[in-house]
Amino acid sequence: MTSETTIDSMIALFGEPIHTYSRAEAIADGVLVQVPAEAQRRAGLRWPVAVTGTVHGRCVAWGEDEVMEAGRLNELLWTAHTAIAAAARRGDGGALAVPFRFAFHKVESPGIQREVRLTIAAGPGDDGEPVMTIMFPDED
């Protein structure tokens, strides 16, 4: 069954979509923040990665130091990569979403480490290509 046939059968069953919101629109609106391809590759992630605006604001882009921001992004991506690898070793390699914890330090709270629970989810992009999104568990 082709994707066009699948879409046609879905429309026949449910009717025309009331509203659609593409990944590209979410990135343009700032709902998602696209990770630079070089950072994604450096972390060993083969598919394009975006983070939700909330994850970006709380875990990556606070403060004014762009070098520190890039470092936090690299740490986030590497932590996500290691979570995927651990899931594969456990036999959960086919999971579409892998939960993980990310620990970081905020400059305004020296010595205090914060830890958040995140999820990296794999799914289709706007054209059906594989993409990944890092989000908080309550985001979708």
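The values are calculated or read from the model by the stated rules, or taken from the named source; none is laboratory data. Being a predicted model, the structure only gives us computed values, none of them experimental. No Cβ is skipped: glycine too gets one built from the backbone with ideal geometry, and neighbour counts run over all protein chains shown.
Regarding region 19-34, can at least one residue be identified that is buried (at least 16 other Cβ atoms within 10 Å of the Cβ), among the aliphatic types (A, V, I, L, M) and closer than 24 Å to ARG114 by Cα?
Yes, region 19-34 has at least one match.
Whether any residue in region 49-64 is loosely packed, with under 15 Cβ neighbours inside 10 Å, closer than 22 Å to GLY125 by Cα and under 13 Å from the mean Cα position of the chain (by Cα) is what I want to check.
Looking for residues that are loosely packed, with under 15 Cβ neighbours inside 10 Å, closer than 22 Å to GLY125 by Cα and under 13 Å from the mean Cα position of the chain (by Cα), one finds at least one in region 49-64, hence yes.
ILE112 passes all but one of (1) at pLDDT below 90; (2) touching an Asp or Glu at 6+ places or on another chain (Cβ under 9 Å); which number fails?
(2)
So PRO99 passes all but one of these: (1) within 24 Å of PRO36 (Cβ to Cβ); (2) surrounded by 13 or more Cβ atoms within 10 Å (Cβ to Cβ). Which condition number does it fail?
Unmet condition: (1).
So TRP47 fits all but one of (1) touching a residue at least 24 places away in the same chain (Cβ under 8 Å); (2) touching a Pro at 6+ places or on another chain (Cβ under 8 Å); (3) within 23 Å of ALA103 (Cα to Cα); (4) not basic (Lys, Arg); what number is the exception?
Status for TRP47: all satisfied but (3).
Determine whether ALA95 is at pLDDT 85 or above and either outside any strand (DSSP E or B) or under 17 Å from the mean Cα position of the chain (by Cα) (or both).
no
For region 115-126, which residues satisfy the criterion of being under 18 Å from CYS59 (Cβ atoms), surrounded by 10 or more Cβ atoms within 10 Å (Cβ to Cβ) and either among the charged types (D, E, K, R) or modelled with pLDDT under 90 (or both)?
Within region 115-126, ARG117 is the sole residue that qualifies.
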